[in-house]
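Asker: Okay, handing you the structure first.
No value in this document is a laboratory result; all are computed from the given coordinates. Predicted, not measured: the structure shown is a model, and the values here were computed from it. Note: ideal-geometry Cβ built from the backbone for every residue, glycine included; neighbour counts use all protein chains shown.
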Amino acid sequence: MRGHYEGLAAEYDEHWVYDPDYVPWMSGRIAEALRLTPTDRIADIGSGTGLFAREVARQIQPHHSILCVDPSEAMLRGLGTPPPAALTPIVASAEDIAEGRARLPYEQLDAMWLKESVHHVADPAHTLRGLAGRLAPGGRLLVAMLSATIQYPLFKAALARFEELQPDPAVIAGHLRAAGLETTLGHVEHELRIDRDRYFGMVRARYMSLLSTFTDSEIEKGIEEMRVAHPEPVLVFPDRFAFVLGRRRGEGA
Ligand SMILES: C[S@@+](CC[C@H](N)C(=O)[O-])C[C@H]1O[C@@H](n2cnc3c(N)ncnc32)[C@H](O)[C@@H]1O
């Protein structure tokens, strides 16, 4: 999976800037769900290129640099060289943070989020428990993930594989509860509008990691199937995210 992101890193952000509303919208939902304040010590676990952390920083103007944690150095290079003062890259996995193997500049965290990275964690129950243990009293942890089924205009085999691979948000909520966090499960939804040929290009570039489980010829066959199913020039479909929010008991927000 690391190879997948090393290959995708350079063009990752391009996939998402086609819709100028999407990144500010999602970042606003993250900041709102976590009730972020400028004094919070914050980490984005599996931050990738920091596309959302950068926008969250713009919105909340944090006093402490947001920690962008990702095992892929190539993705973290997307933060910029040098990275802006509001973002600090940390080359580590969620597991490294959970197990205390990676040193962080903050003793505890007031808020952390994992956006579309929890499916890369091998043992989510164990790792989420470890991450919850890094929270200060009153600290919040958000898992933002695609819902168990998606209505993307992908080819049928890709949608089926998504459902096979995607963890169930209700199960993730159970892990946060078992880790002692007060947990709620909600959803947020945004309408995506993408030029058809552009979307086919994203599929060809395997913009979702599940697409890297298909061979080149399977992808081309899949795009052909999509071409027939979607003659319209602009594809319009809902992007629905589960927001699993846990809060450690104690003081704070
Ligand atoms: C789909 S990308 C999401 C990136 C970013 N959160 C976003 O929404 O743009 C998944 C990210 O998870 C990272 N990742 C893979 N394995 C991981 C792990 N064990 N712990 C934390 N992050 C991981 C990948 O390197 C990649 O940057």
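Asker: How large is the charge dipole for the range 138-202, taken about the Cα centre, if only the Cβ atoms of Lys, Arg (+1) and Asp, Glu (-1) carry charge, to the nearest 20 debye?
Answerer: Approximately 100 debye in magnitude.
Asker: Once the Cα gyration tensor of the range 143-253 is diagonalised, what are the square roots of 5 times its eigenvalues, in whole Å and ordered largest first, as equivalent ellipsoid semi-axes?
Answerer: Sorted largest first and rounded, they come to 34, 15, 10 Å.
Asker: If each of Thr213 and Ala170 carries a label point 7 Å out from its Cα toward its Cβ, how far apart are those two points in nm?
Answerer: 2.1 nm
Asker: Please figure out what share of the DSSP beta bridges in the chain is antiparallel and state it in percent, rounded to the nearest 5.
Answerer: On the way: 21 of 38 bridges.
Among the beta bridges of the chain, antiparallel pairing accounts for roughly 55 percent.
Asker: For the chain, just the Cα set please: Rg and Dmax, both in angstrom.
Answerer: When restricted to the Cα atoms of the chain, Rg and Dmax are 18.0, 56 Å.
Asker: For a quick check of your reading of the filter: which GluC sites (Glu not before Pro) in the range 39-113 sit in a DSSP loop and have no more than 15 other Cβ atoms within 10 Å?
Answerer: On the way: sites: Glu55, Glu73, Glu95, Glu99, Glu107; in loops: Glu99, Glu107.
Qualifying residues, ordered by number: Glu99, Glu107.
Asker: List the trypsin sites (Lys or Arg not before Pro) within the range 32-112 that fall in a DSSP loop (any state other than H, G, I, E or B) and whose Cβ has at most 12 other Cβ atoms within 10 Å. Could you put the intermediate results ahead of the total?
Answerer: Numbers: sites: Arg35, Arg41, Arg54, Arg58, Arg77, Arg101, Arg103; in loops: Arg35, Arg41, Arg101, Arg103.
Here the trypsin sites (Lys or Arg not before Pro) that fit, given the DSSP loop and packing criteria, are Arg101, Arg103.
Asker: Kirkwood Rh over alpha-carbon pairs of the range 44-92, then Stokes-Einstein at 10 °C and 1.306 mPa s: what D in µm² s⁻¹, rounded to an integer?
Answerer: Details: Rh = 10.3 Å.
Estimated diffusion coefficient is 155 µm²/s.
Asker: So if I place +1 on the C-beta of Lys and Arg and -1 on the C-beta of Asp and Glu, and nothing else carries charge, what would the dipole magnitude of the chain be about its Cα centre? I want it in debye, nearest 20. Don't jump to the answer; show the numbers that get you there.
Answerer: Details: 27 positive and 35 negative charges, 140 e Å.
For the chain, the charge dipole is close to 680 debye.
Asker: While we're looking at this one, here's another question. Hey, rough spin-label estimate for Leu159 and Ala125, points 7 angstrom out along Cα→Cβ, what's it come to in nanometres?
Answerer: 3.2 nm
Asker: Separate question: Once every DSSP H run of n ≥ 4 in the chain is given -39500 (n - 2.57) and the sum is divided by its residues, what mean residue ellipticity at 222 nm do you get, rounded to the nearest 500 deg cm²/dmol?
Answerer: On the way: 10 runs with 99 residues, N = 253.
For the chain, the value works out to -11500 deg cm²/dmol.
Asker: Could you pull out the trypsin sites (Lys or Arg not before Pro) across the range 196-253 that fall in loop regions by DSSP (anything but H, G, I, E, B) with no more than 14 other Cβ atoms inside 10 Å? Each step should come with its number before you reach the end.
Answerer: Values: sites: Arg196, Arg198, Arg204, Arg206, Lys221, Arg227, Arg240, Arg247, Arg248, Arg249; in loops: Arg206, Arg248, Arg249.
Those satisfying the criteria are Arg249.
Asker: Under 11 Å from the Cβ of Val56, count the other residues' Cβ atoms, weight Lys and Arg +1, Asp and Glu -1, and hand me the total. Please list the in-between numbers first.
Answerer: Details: positive: Arg29, Arg54, Arg58, Lys115; negative: Glu32, Asp40, Asp44, Glu55.
So the surrounding residues net to 0.
Asker: Can you tell me, using C-alpha contacts under 8 Å and at least 6 residues apart, the relative contact order of the chain as a whole percent?
Answerer: Details: 464 pairs, mean separation 52.6, N = 253.
Once divided by the residue count of the chain, the mean separation gives 21 percent.
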